[in-house]
1. Which residue out of 229, 237, 274 is in a helix (DSSP H, G or I) and surrounded by 15 or more Cβ atoms within 10 Å (Cβ to Cβ)?
2. Going through region 389-422 one residue at a time, which ones are touching a helix residue (DSSP H, G or I) at 6+ places or on another chain (Cβ under 6 Å), part of a helix (DSSP H, G or I) and within 12 Å of the ligand (Cβ to nearest atom)?
3. Is region 373-388 home to any residue that is within 16 Å of the ligand (Cβ to nearest atom), over 20 Å from the mean Cα position of the chain (by Cα) and modelled with pLDDT of 95 or more?
4. Only residues that are part of a loop (DSSP other than H, G, I, E, B), within 17 Å of residue 191 (Cβ to Cβ) and at pLDDT 70 or above: list them for region 97-121, please.
Ligand SMILES: Cc1cc2nc3c(=O)[nH]c(=O)nc-3n(C[C@H](O)[C@H](O)[C@H](O)COP(=O)(O)OP(=O)(O)OC[C@H]3O[C@@H](n4cnc5c(N)ncnc54)[C@H](O)[C@@H]3O)c2cc1C
């Protein structure tokens, strides 16, 4: 008889939840360890006037098949459409692109760039449109593209104007990065994002995670300090509990579902080469302010605006049924370093004045504000992802019992994170 296996997953974001749920479903004993007081990680749970809100990742694409299957497993959940309704300020003018269709999109591309830019964008777009795999970082096509062309940033493939007005809203939204800070090999992930349509859960993600915590043992307030190896393979984890005690827990295998920089720290002593590779993955900061107004600031036709300059990269309604709640996102080069509270208050004032100016409405009384800053909010990956993955695989072979999950493996969107967790669980049990 084989000995029953006990696994640990470190990190209670969507990557860790994907890994832990897959291990649980496959009949293994699994524990999820999370340093914070709640699950969800960068979904960023908070409250606004006592009502639960999400300050981080919340919009769920229609093509988020695995994440949606997990949500369905938790019971019947209502979604409301969110859309990727985006008006854009281009040279001080508001341009609205709400599901423009292919002809409308082509007109937009030609207006903002050369025919070569438009043709290139459509070519890459078609690659993603007709092959689902190209929405993820590990696809063969974008992997090869990255190996061949990632010596220069994405911005160098397109004209300056096109880069500023078409690429920037994509890269800032998904990676909090400028087009000169991401690479062609990751472009499929951004294009996959714009080719999807979005919903959000009417009651947010919290009830789903509460259900999950009833299925899989979760240890909150538990900070993992390091991975412990014995005779070259994973033997367990050293953890720091909330009361400061350090303990060792033995496991047959571990999934590190933490951001690359956090996994690098956990592995630095025991697998320095692997830790070094993970430490090279790029992350950029972001700040979100959710403001509730006495009356709607936006209308149902213009629900969000992407800005091409200034620290506020986007402002938009919290949901189609919450036109009085506005979520301001501060990301990109002009939003670094993270603001202190006084500076953030000025940024919100300026962004609000810009929105009111563009929509032509009066200033509206603010009722309450909730903010959250992340110093490493969004993953912007690194050049030649295929080479990076090959290196990771080689390093992982040298540490039996260890697998990795996270936003840096398949992409930063919630679906990619969840899938990376499922893949890690499969790889762990396959060994
Ligand atoms: C503002 C914002 C908006 C976004 N909007 C969207 C969106 O609408 N749709 C979308 O698809 N994506 C969105 N994203 C992206 C998405 O939210 C993230 O990529 C995703 O949540 C990351 O999940 P993760 O599990 O990989 O990492 P995380 O959510 O960061 O989870 C990692 C967890 O590990 C824990 N941890 C770290 N170190 C340790 C340790 N040593 N011991 C124990 N625990 C540890 C952390 O506390 C954390 O809970 C958004 C991101 C941000 C920041």
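1. After applying the criteria, what remains is 274.
2. 414, 415, 417, 418, 419, 420, 421
3. From region 373-388, those within 16 Å of the ligand (Cβ to nearest atom) are 373-382, 385; that's our starting set.
Okay, now just the ones that are also over 20 Å from the mean Cα position of the chain (by Cα), so none.
Within region 373-388, none of the residues are within 16 Å of the ligand (Cβ to nearest atom), over 20 Å from the mean Cα position of the chain (by Cα) and modelled with pLDDT of 95 or more.
4. Of the residues in region 97-121, the ones part of a loop (DSSP other than H, G, I, E, B) are 98-100, 113-114.
Among the residues that remain, those that are also within 17 Å of residue 191 (Cβ to Cβ) are: 99-100, 113.
The answer is 113, and nothing else.
The values are calculated or read from the model by the stated rules, or taken from the named source; none is laboratory data. On a predicted model such as this, the values are computed, not experimentally measured, just so you know. All Cβ positions, even for glycine, are placed from backbone atoms using ideal geometry, and neighbour counts span all protein chains on display.
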